[in-house]
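Read through the structure below, which is laid out as structure tokens, and then see the notes.
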Amino acid sequence: MVLEVLNSVHYNITSMVTEVVPVTSIAILLLTGFLLLVWNYKNTSSIPGPGYFLGIGPLISYFRFLWMGNGSACNYYNKTYGEFVRVWICGEETLIISKSSSVFHVMKHNHYTSRFGSKLGLQCIGMHEKGIIFNNNPVLWKAVRTYFMKALSGPSLVRMVTICADSITKHLDRLEEVRNELGYVDVLTLMRRIMLDTSNKLFLGIPLDERAIVVKIQGYFDAWQALLLKPDIFFKISWLCRKYEKSVEELKEEMEILVEKKRRRIFIAEKLEDSMDFATELILAEKRGDLTRENVNQCVLEMLIAAPDTMSVSVFFMMLLIAKHPQVEEAIMKEIQTVVGERDIRIDDIQKLKVVENFIYESMRYQPVVDLVMRKALEDDVIDGYPVKKGTNIILNIGRMHRLEFFPKPNEFTLENFAKNVPYRYFQPFGFGSRACVGKYIAMVMMKVTLVTLLRRFHVQTLQGQCVEKMQKKNDLSLHPDETSDLLGMIFIPRNSDKCLDH
């Protein structure tokens, strides 16, 4: 009897649930769908890019940057979604732009003078509100930029010609120091030592160990690249960031020792005018209370690492391009002979070396080293019709831009791309505006002097047909060759040798 009653109740409940559940499920699904639609609608921008979808989109885009590296990730998103893309880095809305009109807008306006990056990462490498490269405080950045501008222009351009030429000659005379057992030249190491020696003589003037500091600069750069966009939790796990902290400390300690030697030299100098240079100006500013000691050390560090880092790789790529394009080498050598002849290169030769200049520009366009510019919007704006909120991160993908617009043969390496005057809105290897590369003029002088001095003495060849197109590279903070490769060495053949004449 009881079982029959329970059975009946069970049947009634089952029937009721069967009728009610589909209706309830549909209602819940509709409500969930509506909430998702509202949520995603509120977080969906008119700017092309991956969807937000419950925060999964921001996570995927951020992990892509950490996994692929800045440069590779930017190229992926521009290729996938177009030349104006919205993604997220560290949960912050970020625009990746490779359209010339948009790039021009950002570089031109003063409310994009700040960069972005992990505060803890920048603190670790000493760049948080110090130095010039990634100083994200516009007021402090402007204060130190004045010293860099003074040091990298005017009389320094004149002195750079002689100092750089002498350094190259000295290092070419000791070429065996950078040859391996097969006689191949390690061009990257050679260039890094030349650039460090030149920068030291012009901006610091204290004897240093080139070999040791070049290695420490590479370690510092690796740390900078690795830590720039890391999440805060990364820095709470000591074993993860220990090796990077060690690399940073090694270079910072070396710089502190060198700057302290400079302080003592200034203190005992009979005539301060004889010691005036970039480092002296900074130390005097520190004594006046205009700069902190830590900022002085960081500014000197950044001045000394800039050329050995990016410019050395740029010249290395140029050597590869010259080796692959003999007609370009022939045109360069003809101009060198016409303009410079057999004498030493002088400052008044620099502007006359138009073929060399076009070659440098085409090299930097075709195979850039610094192909990204990172900025932050300091106020609300509109770029090419897209609204940009204050605090938005912006990455200008100028490497991609240089292959999209204006140039007649954008995907080829040819001096024809600079046969006519190129409007600067379409070609920005150093940027422009208030946050343009402060060393762009002296960099051009250094590269011209380096090419003239080296090519007058040596004809260069690559190993096993190595070229920039096939070379393994890493594209993160900047684009570098994979230095684990065995094919980075080059053959230097003296110009007056029979072997060179055969070519």
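The values are calculated or read from the model by the stated rules, or taken from the named source; none is laboratory data. Every value quoted in this text rests on a predicted model; they were computed, and no experiment measured them. Here the Cβ is made from the backbone with ideal geometry for all residues, glycine too, and neighbour counts use every protein chain on show. In case anyone asks, the SASA skips ligands and DNA or RNA and just uses the protein heavy atoms, side chains included. Shrake-Rupley method; radii C 1.70, N 1.55, O 1.52, S 1.80 Å.
Residue count for the range 441-463 under the criterion of being out of contact with any Pro (no Cβ under 8 Å at 6 or more places or on another chain) and either closer than 14 Å to Tyr361 by Cβ or assigned to a helix (DSSP H, G or I) (or both): the result is 16.
Would a scan of the range 444-455 turn up a residue that is touching a Phe, Trp or Tyr at 6+ places or on another chain (Cβ under 6 Å) and either over 20 Å from Ser114 (Cα atoms) or free of Cβ contacts under 8 Å to residues at least 12 places away in the same chain (or both)? Show your work before the answer.
Our first condition is that a residue be touching a Phe, Trp or Tyr at 6+ places or on another chain (Cβ under 6 Å); within the range 444-455, this holds for none.
Scanning the range 444-455, I find no residue that is touching a Phe, Trp or Tyr at 6+ places or on another chain (Cβ under 6 Å) and either over 20 Å from Ser114 (Cα atoms) or free of Cβ contacts under 8 Å to residues at least 12 places away in the same chain (or both), so the answer is no.
In this structure, is Glu405 among the charged types (D, E, K, R), on the phi < 0 side of the Ramachandran plot, surrounded by fewer than 22 Cβ atoms within 10 Å (Cβ to Cβ) and modelled with pLDDT under 95?
Details: among the charged types (D, E, K, R): yes; on the phi < 0 side of the Ramachandran plot: yes; surrounded by fewer than 22 Cβ atoms within 10 Å (Cβ to Cβ): yes; modelled with pLDDT under 95: yes.
Spelling it out, Glu405 is indeed among the charged types (D, E, K, R), on the phi < 0 side of the Ramachandran plot, surrounded by fewer than 22 Cβ atoms within 10 Å (Cβ to Cβ) and modelled with pLDDT under 95.
Could you look through the range 308-327, keep only residues that are among the aliphatic types (A, V, I, L, M) and open to solvent by 10 Å² or more (accessible area, probe 1.4 Å), and pick out the one that is nearest to Lys201 (Cα to Cα)? Among those that are among the aliphatic types (A, V, I, L, M) and open to solvent by 10 Å² or more (accessible area, probe 1.4 Å), it is Met311. Taken over the range 307-352, the residue count meeting the criterion of being polar (S, T, N, Q) and over 25 Å from the mean Cα position of the chain (by Cα) is 4.
Pairs meeting the criteria (first residue in the range 70-89 and in a loop (DSSP other than H, G, I, E, B), second residue open to solvent by 10 Å² or more (accessible area, probe 1.4 Å), beta carbons under 8 Å, at least 6 apart or on different chains) are Gly82/Pro48; Glu83/Lys99; Glu83/Arg400; Glu83/Leu404. Could you tell me whether any residue of the range 293-307 is in a helix (DSSP H, G or I) and surrounded by fewer than 19 Cβ atoms within 10 Å (Cβ to Cβ)? Checking the range 293-307: at least one residue is in a helix (DSSP H, G or I) and surrounded by fewer than 19 Cβ atoms within 10 Å (Cβ to Cβ).
Scan the range 75-82 and tell me whether some residue there is open to solvent by 60 Å² or more (accessible area, probe 1.4 Å), out of contact with any strand residue (DSSP E or B) (no Cβ under 7 Å at 6 or more places or on another chain), closer than 18 Å to Met374 by Cα and modelled with pLDDT of 95 or more. Yes, some residue in the range 75-82 is open to solvent by 60 Å² or more (accessible area, probe 1.4 Å), out of contact with any strand residue (DSSP E or B) (no Cβ under 7 Å at 6 or more places or on another chain), closer than 18 Å to Met374 by Cα and modelled with pLDDT of 95 or more.
Each row is one residue, and each column tells you yes or no for (1) in contact with a strand residue (DSSP E or B) (Cβ under 9 Å, 6 or more places away or on another chain); (2) at positive phi; (3) not acidic (Asp, Glu).
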{"residue": "Ala306", "(1), (2), (3)": "no, no, yes"}
{"residue": "Met319", "(1), (2), (3)": "yes, no, yes"}
{"residue": "Pro326", "(1), (2), (3)": "no, no, yes"}
{"residue": "Gly341", "(1), (2), (3)": "no, yes, yes"}
{"residue": "Ile347", "(1), (2), (3)": "no, no, yes"}
{"residue": "Lys354", "(1), (2), (3)": "no, no, yes"}
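If we keep just the residues of the range 416-468 that are under 17 Å from Ala165 (Cα atoms) and of a type in the set (S, T, N, Q), which is nearest to the chain's Cα centre (by Cα)? My answer is Thr450.
Of the residues screened, Glu335 is not one that is open to solvent by 10 Å² or more (accessible area, probe 1.4 Å), out of contact with any strand residue (DSSP E or B) (no Cβ under 8 Å at 6 or more places or on another chain) and assigned to a loop (DSSP other than H, G, I, E, B). Test Lys170 against the criterion of being surrounded by 14 or more Cβ atoms within 10 Å (Cβ to Cβ) and in a helix (DSSP H, G or I), and give yes or no. No, not satisfied. What number goes with the only condition from (1) under 30 Å from Gly51 (Cα atoms); (2) not in a helix (DSSP H, G or I) that Leu120 does not pass? Going through (1) under 30 Å from Gly51 (Cα atoms); (2) not in a helix (DSSP H, G or I) one by one, Leu120 breaks only (2). Report yes if Ser114 is modelled with pLDDT of 95 or more and hydroxyl-bearing (Ser, Thr, Tyr), otherwise no. When the stated conditions are applied, Ser114 does not pass them.
His480 fulfils the conditions (1) touching a Gly at 6+ places or on another chain (Cβ under 8 Å); (2) of a type outside the set (A, V, I, L, M); (3) open to solvent by less than 30 Å² (accessible area, probe 1.4 Å) except for a single criterion, (1).
Residue-level analysis places Ser167 among those that are in contact with a Ser or Thr (Cβ under 6 Å, 6 or more places away or on another chain) and either of a type in the set (S, T, N, Q) or without any contact (Cβ under 8 Å) to a residue 12 or more places away in the chain (or both). Does the range 87-107 hold any residues that are within 13 Å of Tyr62 (Cα to Cα), out of contact with any strand residue (DSSP E or B) (no Cβ under 8 Å at 6 or more places or on another chain) and open to solvent by less than 20 Å² (accessible area, probe 1.4 Å), and which are they? Once the filter is applied, which keeps residues that are within 13 Å of Tyr62 (Cα to Cα), out of contact with any strand residue (DSSP E or B) (no Cβ under 8 Å at 6 or more places or on another chain) and open to solvent by less than 20 Å² (accessible area, probe 1.4 Å), the range 87-107 yields nothing.
Table: residues versus (1) open to solvent by 20 Å² or more (accessible area, probe 1.4 Å); (2) among the hydroxyl-bearing types (Ser, Thr, Tyr); (3) not in a strand (DSSP E or B).
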{"site": "Ile350", "(1), (2), (3)": "no, no, yes"}
{"site": "Val355", "(1), (2), (3)": "yes, no, yes"}
{"site": "Asn358", "(1), (2), (3)": "yes, no, yes"}
{"site": "Met364", "(1), (2), (3)": "yes, no, yes"}
{"site": "Val369", "(1), (2), (3)": "no, no, yes"}
{"site": "Arg375", "(1), (2), (3)": "no, no, no"}
{"site": "Gly391", "(1), (2), (3)": "yes, no, yes"}
{"site": "Ile395", "(1), (2), (3)": "no, no, no"}
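Residue pairs whose Cβ atoms lie under 8 Å apart, separated by 6 or more positions or on different chains, with the first residue in the range 268-289 and over 18 Å from Met149 (Cα atoms) and the second assigned to a loop (DSSP other than H, G, I, E, B), are Ser275/Gly205; Ser275/Ala269.
Among Arg159, Arg179, which is the only one that is touching a helix residue (DSSP H, G or I) at 6+ places or on another chain (Cβ under 8 Å) and over 22 Å from Ser478 (Cβ atoms)?
Numbers: Arg179 fails: touching a helix residue (DSSP H, G or I) at 6+ places or on another chain (Cβ under 8 Å).
Answer to the check: Arg159.
Taking every residue in the range 183-195 that is open to solvent by 10 Å² or more (accessible area, probe 1.4 Å) and pairing it with any residue that is in a loop (DSSP other than H, G, I, E, B), at least 6 positions away or on another chain, the pairs with Cβ-Cβ distances below 9 Å are Gly183/Gly489; Tyr184/Leu463; Tyr184/Leu488; Tyr184/Gly489; Asp186/Asn180; Asp186/Leu488; Asp186/Gly489.
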